[in-house]
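Throughout, read-outs are computed from the coordinates displayed, never taken from laboratory work. Please read these numbers as outputs of a predicted model, since none were measured by experiment. Cβ: placed from backbone, ideal geometry, glycine included. Neighbour counts: every protein chain shown.
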Amino acid sequence: MTDTTRSSNSNTDGPHQRLGQIALLVRDYDEALDYFIRTLGFECIKDTVQSETKRWVVVAPPGSTGMHVLLAKAKNDAETSRIGDQTGGRVFLFLYTNDFKAYYERLRLAGVDFTEEPRQEAYGHVVVFRDLYGNLWDLIERA
């Protein structure tokens, strides 16, 4: 396999962009918050009531300076049908750790649903797990 990684534009004079959040469809805000905080060990970055039916709920791993996850409550049948399957069954999210063994063990003891045994790949240690809704995640410690 050929690595076709492209270098970033190193122009520092113009505007800069970065990905800030990704929306994850959920059934219930509190149910999702409980899973992300108690099971995955994430922090609640923001939980703001916007209306009687909508909240702005953002979670991220502790100390994260990268992308955050916006927990978006499904509001209609079309959105509800996509909960747990936003990517048609492919791995959707990639969670990086600097201590694979310890974090994997924490998640295992918390009852996380792993779809396989941890494995070593050229890019590092990896294992796939399902979140409470069925979305697939890669847990990775880079080589």
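Values as computed for the structure displayed
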item: Part-to-part distance (alpha-carbon centres) for the range 25-63 and the range 75-143, which is given in Å; result: 18
item: Estimated Rh, the range 13-63: Kirkwood, alpha-carbon pairs, angstrom; result: 12.5
item: Sequence-separation-based contact order of the chain, relative, with Cα cut under 8 Å and 6+ spacing, percent; result: 21
item: Cα pair distances exceeding 22 angstrom across the chain, given as percent; result: 47
item: Rounded FRET efficiency, nearest 0.05, which uses the C-beta distance separating residue 114 from residue 37 and R0 of 25 Å; result: 0.80
item: Packing-based order for 132-140, 55-63, using average beta carbon neighbours within 10 Å, highest first; result: 132-140, 55-63
item: Among 71, 24, 109: highest mean-square fluctuation, GNM of the chain, C-alpha pairs under 10 Å; result: 109
item: Candidate lysines for bridging to residue 54, where Cα separation is under 26 Å - those fewer than 8 sequence places away on the same chain excluded; result: 46, 73, 75
item: Top of 51, 81, 64 by mean-square fluctuation, Gaussian network on the chain, Cα under 10 Å; result: 51
item: Net dipole in debye of the range 19-83 [+1 Lys, Arg Cβ; -1 Asp, Glu Cβ; about Cα centre; nearest 20]; result: 160
item: Inter-label distance, nm, simple model (7 Å from Cα along the C-beta direction), residue 19/residue 79; result: 2.1
